[in-house]
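Below you'll find the structure, written out as structure tokens, and then a few comments.
The values are calculated or read from the model by the stated rules, or taken from the named source; none is laboratory data. What you see is a predicted model; the values in this text were computed from it and never measured. Counting neighbours? That spans all protein chains shown, and the Cβs are built from the backbone with ideal geometry, glycine included. Note: accessible area is taken over every heavy atom of the protein model, side chains too, but ligands, DNA and RNA are not part of it. Shrake-Rupley method; radii C 1.70, N 1.55, O 1.52, S 1.80 Å.
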Amino acid sequence: AQSVTQLDSHVSVSEGTPVLLRCNYSSSYSPSLFWYVQHPNKGLQLLLKYTSAATLVKGINGFEAEFKKSETSFHLTKPSAHMSDAAEYFCVVMASGTYKYIFGTGTRLKVLA
Amino acid sequence: GAVVSQHPSWVICKSGTSVKIECRSLDFQATTMFWYRQFPKQSLMLMATSNEGSKATYEQGVEKDKFLINHASLTLSTLTVTSAHPEDSSFYICSARGVGGAARTDTQYFGPGTRLTVL
């Protein structure tokens, strides 16, 4: 069975400092992994996805994530946080053969002025 | 590209009435649509999966007679909450995967969500 674990339920950073949101996955197959962002009372926006191509994936708004098979991790990073980055972030693995998503529990990012 | 819309964005109804929520793919053909429910400060819970022209597949514990899903065309799916009660109040989000435009079949594109409040 596939799963993802988001290691932090809340992360606080100061504006202009780096962001690190951690995600570990479990999968018997080469997984498809995604990061989505959700602003309050909004739908989910795709930040980036990994589908067995380059292990370093660049996404929108300056975010990137690195797929590390040896560590079963897919952490999301951004060099410099902006106030507008404050939101809920979800790490997702796609269940093989069904296109269903398995969601992590989410990480709430707070950006301090 | 790959835009999904939902209507309405919020709805308030009386207990016992039915509410219909529409989910549309605007610039691609949605071969599969998904309906989720999200409680405050929680992750998304998949309710059902629907393929165009087929009956929806419901997740365990989701009442198919209460949450009616129709996916009659490649751009439209509807969720009808029948005989709604206050415990049905929630944020409902749809997503779609498909072909055409900027859509990729291995990616779900999410609508903006519908806030349902049942009085």
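Not counting ligands, DNA or RNA, and with a 1.4 Å probe, what is residue A:55's accessible surface area in Å² rounded to the nearest 10?
70
Which of the trypsin sites (Lys or Arg not before Pro) found in the stretch B:2-46 are loop residues per DSSP with 11 or fewer other Cβ atoms within 10 Å of their Cβ? Working shown, then result.
On the way: sites: B:14, B:20, B:24, B:37, B:41; in loops: B:14, B:41.
Hits after loop and neighbour filter: B:14, B:41.
Let's test the formula: R0 of 30 Å, r as the Cβ-Cβ distance of residue B:60 and residue B:106. What FRET efficiency results, to the nearest 0.05? Don't jump to the answer; show the numbers that get you there.
Numbers: r = 25 Å, r/R0 = 0.82.
Efficiency, from the Cβ-Cβ distance: 0.75.
Are there cysteines in the protein assembly as shown with no second cysteine's Cβ under 4.7 Å away, and if so, which?
Isolated Cys, the protein assembly as shown: B:13.
For chain A, what relative contact order do you get, as a whole percent, if you take Cα pairs closer than 8 Å and at least 6 residues apart?
Details: 286 pairs, mean separation 41.3, N = 113.
Relative contact order of chain A: 37 percent.
Multiply the residue gap between residue A:80 and residue A:30 by 0.36 nm, knock off their C-alpha separation, and tell me the result in nm, one decimal place. Kindly include the intermediate steps, with their values, before the conclusion.
Working: separation 50, 0.36 × 50 = 18.00 nm, distance 3.06 nm.
Once the chain is fully extended between residue A:80 and residue A:30, it gains 14.9 nm.
Cβ under 15 Å from residue A:94's Cβ, residue A:94 left aside: what net charge do those residues give with Lys, Arg +1 and Asp, Glu -1?
On the way: positive: A:49, A:100, B:97, B:104; negative: B:106.
Value of the local net charge: +3.
Which residues of the stretch A:31-48 end up with at least 50 Å² less accessible area in the presence of all protein chains than when their chain stands alone, using a 1.4 Å probe?
The answer is A:41, A:44.
Under 5 Å between amide hydrogens, which residues at least 5 positions from residue A:100 or on another chain qualify, with H placed 1.01 Å from N in the peptide plane?
Long-range HN contacts for residue A:100: A:95.
Sorted from largest down, give the three principal axis spans of the alpha carbons of the stretch A:7-113, whole angstrom values.
Cα extents, longest axis first: 43, 28, 22 Å.
Per residue, how many Å² of accessible area does the stretch B:17-113 show with a 1.4 Å probe?
On the way: 4320 Å² over 97 residues.
The answer is 45 Å² per residue.
Which of the GluC sites (Glu not before Pro) found in the stretch A:35-77 are loop residues per DSSP with 16 or fewer other Cβ atoms within 10 Å of their Cβ?
Values: sites: A:64, A:66, A:71; in loops: A:71.
Qualifying residues, ordered by number: A:71.
Where in the stretch A:82-111 does accessible area fall by at least 10 Å² between the isolated chain and the complete protein assembly, at a 1.4 Å probe radius?
Buried by the other chains: A:90, A:94, A:99, A:100, A:101, A:103, A:105, A:108.
So who's got an amide H within less than 5 Å of the one on residue A:110, skipping anything under 5 residues away but keeping other chains? H placed 1.01 Å off N, in plane.
A:11, A:12, A:13
Just need the relative contact order of the stretch A:49-106 here, percent rounded to a whole number, with Cα pairs under 8 Å and 6+ apart. List each step's numbers first, then the result.
Numbers: 60 pairs, mean separation 10.6, N = 58.
Value for the stretch A:49-106: 18 percent.
If you average the C-alpha positions of the stretch A:9-52 and of the stretch A:63-109 separately, how far apart do those two centres end up, in angstrom?
Taking the Cα centre of the stretch A:63-109 as reference, the centre of the stretch A:9-52 is 2 Å away.
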